[in-house]
Structures are given as structure tokens and as C-alpha cells.
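The values are calculated or read from the model by the stated rules, or taken from the named source; none is laboratory data. Keep in mind that what you see is a predicted model, and the values were worked out from it rather than measured. Glycine also receives a Cβ, built like all others from the backbone with ideal geometry; neighbour counts cover every protein chain displayed. Accessible surface is based on the protein model in full, side chains and every heavy atom, while ligands, DNA and RNA are left aside. Shrake-Rupley method; radii C 1.70, N 1.55, O 1.52, S 1.80 Å.
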Amino acid sequence: QVQLVESGGGLVQAGGSLRLSCAASGSIVSINAMGWYRQAPGKERELVATITSGGISTYTDSVKGRFSISRDNAKNTVLLQMNSLKPEDTAIYYCNIEVVRWNRAWYYWGQGTQVTVSS
């Protein structure tokens, strides 16, 4: 079993910053990609950012230049630094990890953390 615990969500004014963290625990052999998704009310869940085991990151266009994803392999943790936040960033943010065992990939989700950006 693998569990992901998220923290760092909250209420912030437009233009402010917030940092999300997600720590994985349990039966983990190795972790491939790690990432963050978000889901706003009435909308589909969308990919925000990903980072590979080699440290290569990707971002959705709407957050490029404002968000930064990083990982700490020793702590099985992925971080999302969010700067210059906008009201449209308001959503529930979920972390996701791809772990490897028995020569195949398995996917796990965090519980979600609310991010609210006020005007």
C-alpha cells in the first residue's frame, strides 16, 4: 500500500505565493514521475506540472513562469511552488506519483488540498 499526504493549501490574495507538498509512504520500491493536477468547480481535472525521476519538468501553459515543481527523492516528496497567484488558480490540487514494482507502473493519488485565491 502507498499513501500520499498533501499539505500547504489555503487562502491567499491575488499576486501572493503558496507552496504545496506531497509526501509518499508505504510499500515503495522506486518512483518514476511525480506530478500535480487541479480541479476547479464544474471543470475537469487538468494536469498542472510533472517532474521525471531525472528532474525534467513540464507545465501547462497557464502556469508557466509562475509555478515551479521540484522533488526530494530521499524523502519521497514532491513540491509545487506557486507564485503570482491568480483567482483562476483556485481549485483543489492533487498530487500523483508513478511507482514501479513487479516490473510495471502503478499510480497513486493524494487526498487533495484546497487552494483559494481572492481578488
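Pull out all pairs, ordered by first then second residue, where Cβ-Cβ is under 7 Å, the residues are six or more apart or on different chains, the first lies in the stretch 61-83 and is more than 18 Å from S7 (Cα to Cα), and the second is not in a strand (DSSP E or B).
Going by the 7 Å Cβ cut-off, the qualifying pairs are R66/N83; R66/S84.
Limited to the stretch 71-82, what total is found for residues that are loosely packed, with under 15 Cβ neighbours inside 10 Å and touching a Leu at 6+ places or on another chain (Cβ under 6 Å)?
Number of matching residues: 0.
Among residues belonging to the stretch 9-30 that are under 27 Å from V100 (Cα atoms) and either in contact with a helix residue (DSSP H, G or I) (Cβ under 7 Å, 6 or more places away or on another chain) or not in a strand (DSSP E or B) (or both), point out the one that is most open to solvent (accessible area, probe 1.4 Å).
Per the criteria, the residue is V29.
How about the stretch 32-54: which of its residues are of a type in the set (A, V, I, L, M), part of a strand (DSSP E or B) and surrounded by fewer than 19 Cβ atoms within 10 Å (Cβ to Cβ)?
Once the filter is applied, which keeps residues that are of a type in the set (A, V, I, L, M), part of a strand (DSSP E or B) and surrounded by fewer than 19 Cβ atoms within 10 Å (Cβ to Cβ), the stretch 32-54 yields only L47.
Given G10, G15, G35, which one is over 15 Å from the mean Cα position of the chain (by Cα) and closer than 24 Å to T116 by Cα?
Just one listed residue meets the conditions, G15.
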